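Notes follow once the structure below has been shown.
The values are calculated or read from the model by the stated rules, or taken from the named source; none is laboratory data. Here the structure is a predicted model, which means the values were calculated and not measured. Note that each Cβ is placed from the backbone with ideal geometry, even for glycine, and that neighbours are counted across all protein chains shown.
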Amino acid sequence: MNSENGVEVIREALLSAEKYSSEKDEISVMCYYDGAPEYRMVLKAPDFKTAEDLWLEVSKSVVSIIEENDGQVVCYRD
């Protein structure tokens, strides 16, 4: 990832995360900018197991997109 496409790659990764939202399944994934280089994902699910599975899937998706574009990313639960 370079300075020319970095913002677009991050945008693509975060939009891909938000696509996991499902009103039908009561799942919400929202991404926020907390100031460079910090971004935050807030996940809501009807139960803990669903939330855990969702976290793994969403974080893998974000990491994959960033790393495919030669970027570096660290996802952690807070």
Would you please list the contacts, defined by Cβ atoms under 8 Å and residues six or more apart or on different chains, that run from a residue in region 1-17 that is outside any helix (DSSP H, G or I) to a residue that is not polar (S, T, N, Q)?
M1/V9; M1/I66; M1/D70; M1/G71; N2/D70
Failed condition for K49, given (1) of a type outside the set (G, A, S); (2) surrounded by fewer than 11 Cβ atoms within 10 Å (Cβ to Cβ); (3) closer than 18 Å to V74 by Cα, with all others met?
(3)
Given (1) surrounded by 15 or more Cβ atoms within 10 Å (Cβ to Cβ); (2) at pLDDT below 95; (3) within 17 Å of D78 (Cα to Cα), index of the condition M1 fails:
(3)
Being crowded, with 16+ Cβ neighbours inside 10 Å and assigned to a helix (DSSP H, G or I) is the filter here, so list the residues in region 63-78 that pass it.
V63, I65, I66
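So, V42, is that one at pLDDT 95 or above, of a type in the set (V, I, T) and either in a helix (DSSP H, G or I) or more than 15 Å from R11 (Cβ to Cβ) (or both) or not? Outline the logic, then answer.
Details: at pLDDT 95 or above: yes; of a type in the set (V, I, T): yes; either in a helix (DSSP H, G or I) or more than 15 Å from R11 (Cβ to Cβ) (or both): yes.
Yes: the conditions hold for V42.
Please work out which residue is farthest from the chain's Cα centre (by Cα), limiting yourself to region 16-39 and to residues that are within 17 Å of E67 (Cβ to Cβ) and modelled with pLDDT of 95 or more. Steps first, please.
First, pick out the residues of region 16-39 that are within 17 Å of E67 (Cβ to Cβ): 16-17, 37, 39.
If we keep only those that are modelled with pLDDT of 95 or more as well, we get 16-17, 39.
On the way: S16: 7, A17: 4, Y39: 9 Å.
Result: Y39.
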